[in-house]
Amino acid sequence: MHRLFQQTTISFSNMMGPVEEVSLGGHAIARISPTVVGQPHALTLHFQTYNGSAHIVLSALKENVPDPAFLLRCCEDAFHALKASLK
């Protein structure tokens, strides 16, 4: 399995998050921020919708992505542009 991920350039999942608030033990969940660790990728980007909002989780190797905050802002700007074009 590790070899499979070493040779993967992109993986994509199209699973929609919950559209209404979810609770656990009687406590409302404010945010769902999925991520994975330990994979041999230079860049990991997750986009999760939950209860009418969207969250982006990004992790990157500094050697490959020297300014991950800039990349995250670019993703956010692209999302807002896409959203605006759909109106």
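The values are calculated or read from the model by the stated rules, or taken from the named source; none is laboratory data. Note that this is a predicted model, so its numbers are computed, not measured. All Cβ positions, even for glycine, are placed from backbone atoms using ideal geometry, and neighbour counts span all protein chains on display. Ligands, DNA and RNA are stripped out before the accessible areas are found, and what is left, the full protein with its side chains, is counted by its heavy atoms. Shrake-Rupley method; radii C 1.70, N 1.55, O 1.52, S 1.80 Å.
General remarks:
- Here the Kirkwood formula puts the hydrodynamic radius of the stretch 14-62 at 12.3 Å, using every distinct Cα pair.
- Geometric extent, Cα atoms of the stretch 30-87 - Rg, Dmax (angstrom): 12.9, 39
- Each label point was placed 7 Å from the Cα along the Cα-to-Cβ direction; for LYS83 and VAL65 their separation is 2.0 nm.
- Each residue, ALA54 and VAL36, gets one label point 7 Å from its Cα in the Cβ direction; the gap between the two is 2.2 nm.
- The residues of the stretch 38-87 present an accessible area of 70 Å² per residue when probed at 1.4 Å with all protein chains retained.
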